[in-house]
Amino acid sequence: MSVLRVITCSTLLAVLAGNAQIASAVEILRWERLPLAIPLRINQERIVFVDQNVRVGLPRSLTEKLRVQSTGRGAIYLYAKEA
């Protein structure tokens, strides 16, 4: 059985079971090793995927306004608490 068939069958089963979650990219940006401007909404989490491990710097003035978590595997979670 091909990989495509397995994925298709799994997706079909999930849809029939009512457990399907659809995800899509809000936007796609190219990282040129420079800071990215990522718009955030209050009380909404954004997940940023980067093709390699990155370090996130955060000024102290933002620590009460913005939660930043990194998995160490290229995923960064941003959550704006206030403007």
Review point. Name the pairs whose Cβ atoms lie under 9 Å apart, with the first residue in the stretch 49-78 and under 16 Å from residue 33 (Cα atoms), the second in a strand (DSSP E or B) and among the hydroxyl-bearing types (Ser, Thr, Tyr), and 6 or more positions between them or separate chains?
Key: 53/70; 54/70; 55/70; 56/70; 76/70
**Study point:** Failed item in (1) modelled with pLDDT under 85; (2) of a type in the set (A, V, I, L, M, F, W, C); (3) surrounded by 12 or more Cβ atoms within 10 Å (Cβ to Cβ), with residue 26 passing the rest
**Key:** (3)
Exercise for review: Could you tell me which residue of the stretch 47-72 is nearest to residue 28 (Cα to Cα), considering only residues that are surrounded by 11 or more Cβ atoms within 10 Å (Cβ to Cβ) and basic (Lys, Arg)?
Suggested key: 67
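The values are calculated or read from the model by the stated rules, or taken from the named source; none is laboratory data. Note that the structure is predicted; figures quoted are calculated from it, not measured. Reconstructed Cβ throughout: ideal geometry from the backbone, glycine too, with neighbour counts over all protein chains shown.
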